[in-house]
Amino acid sequence: MVKSSYLIMIIYKKEDIDKIERIKNIKLINSICGIRSVHLIGTKSNDDVSNLAIFSSVTHLGSRPPLLSFVSRPSDTVKRDTITNIKQNKYYTINSVEKNCFIKAHQTSGKYESHISEFTACGLNEEYINGFHAPFVDDSKIKLGMKFINSIPIKENNTELVIGEIIFIKMHSSIIEENFQDSVSIIGLNSYYKHKKISELEYVRIKK
């Protein structure tokens, strides 16, 4: 590890990173890319048990077709109800997290038994819309109905990139006008932040 007093920076080489204590390493690497959006993913099992889990890896992949992805952690040693339910039933929901429910949303990160619904355990209300199989979060301002498209294994760390298509959107009419100011984001594992718009710039077009 090299310290630079001029820039007040710390330089970690690979061998330094590898030596960092496990929990500190997780917090560092989880935080290093900055603030990330946070969402609740809702599914339902074959036993008709609703499942809800918080994710900070939801990413826009394209608009036509409207595709989103998220990363599912390794499931060889720890059960992952979310990805299991998605692969079995092909449908799931992605729900926004606002200031009024982020504490309850955070509680879904706990390791609950498969027969326990995180909705009930964490005090969040289920919502079912137009016969869609998976549960939405009633408290969320943005609710996306997703259809499972593909899952790409990432062999380097035994995770999966899960790809889905948006087939249904329900959102509060005020959410865009409010600039998503009620939405929360996360750094690391448990540090939550609110949004604040600082500017709106023009679309960049390069003259030829």
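The values are calculated or read from the model by the stated rules, or taken from the named source; none is laboratory data. Nothing here was measured: the structure is a model prediction, and the numbers come from that model. Cβ atoms come from the backbone with ideal geometry, glycine included; neighbour counts cover every protein chain shown.
Out of ILE10, ILE29, ILE17, I need the residue that is in a strand (DSSP E or B), at pLDDT below 95 and not aromatic (Phe, Trp, Tyr). Which one?
ILE10 is the lone residue from the list that is in a strand (DSSP E or B), at pLDDT below 95 and not aromatic (Phe, Trp, Tyr).
What do you reckon, is ASN130 loosely packed, with under 14 Cβ neighbours inside 10 Å, in a strand (DSSP E or B), in contact with a strand residue (DSSP E or B) (Cβ under 9 Å, 6 or more places away or on another chain) and not basic (Lys, Arg)?
no
Conditions tested, residue by residue: (1) modelled with pLDDT under 95; (2) over 20 Å from LYS194 (Cα atoms).
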| residue | (1), (2) |
| --- | --- |
| GLN107 | no, no |
| GLU126 | no, yes |
| GLY131 | yes, yes |
| PHE136 | no, yes |
| LYS147 | no, yes |
| GLU156 | yes, yes |
| ILE166 | no, yes |
| MET171 | yes, no |
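Among the residues of region 77-99, is any at negative phi and in contact with an Asp or Glu (Cβ under 6 Å, 6 or more places away or on another chain)?
Taking every residue of region 77-99 in turn, at least one turns out to be at negative phi and in contact with an Asp or Glu (Cβ under 6 Å, 6 or more places away or on another chain).
Among residues belonging to region 84-127 that are under 30 Å from GLN181 (Cβ atoms), within 16 Å of the chain's Cα centre (by Cα) and aliphatic (A, V, I, L, M), point out the one that is surrounded by the most Cβ atoms within 10 Å (Cβ to Cβ).
Step by step, filter region 84-127, then rank; the result is VAL97.
Give me the strands (runs of 3 or more DSSP E) completely within region 35-117, filtered to those with at least 2 residues that are in contact (Cβ under 8 Å) with a residue 24 or more places away in the chain and assigned by TED's automatic domain parsing to the domain that holds ILE169, ordered by residue number.
39-44, 50-55, 66-72, 91-96
Yes or no, residue by residue, for (1) hydrophobic (A, V, I, L, M, F, W, C); (2) in the same structural domain as LEU67 (by TED's automatic domain parsing); (3) touching a Ser or Thr at 6+ places or on another chain (Cβ under 9 Å):
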position: ALA121; (1), (2), (3): yes, yes, yes
position: PRO135; (1), (2), (3): no, yes, yes
position: LEU144; (1), (2), (3): yes, yes, yes
position: LYS155; (1), (2), (3): no, yes, no
position: ILE169; (1), (2), (3): yes, yes, no
position: GLU178; (1), (2), (3): no, yes, no
position: ASP182; (1), (2), (3): no, yes, yes
position: LYS194; (1), (2), (3): no, no, yes
position: ARG205; (1), (2), (3): no, no, no
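Search region 156-194 for residues being surrounded by 13 or more Cβ atoms within 10 Å (Cβ to Cβ) and acidic (Asp, Glu), and hand back the single one that is nearest to PHE55 (Cα to Cα).
So the residue we want is GLU160.
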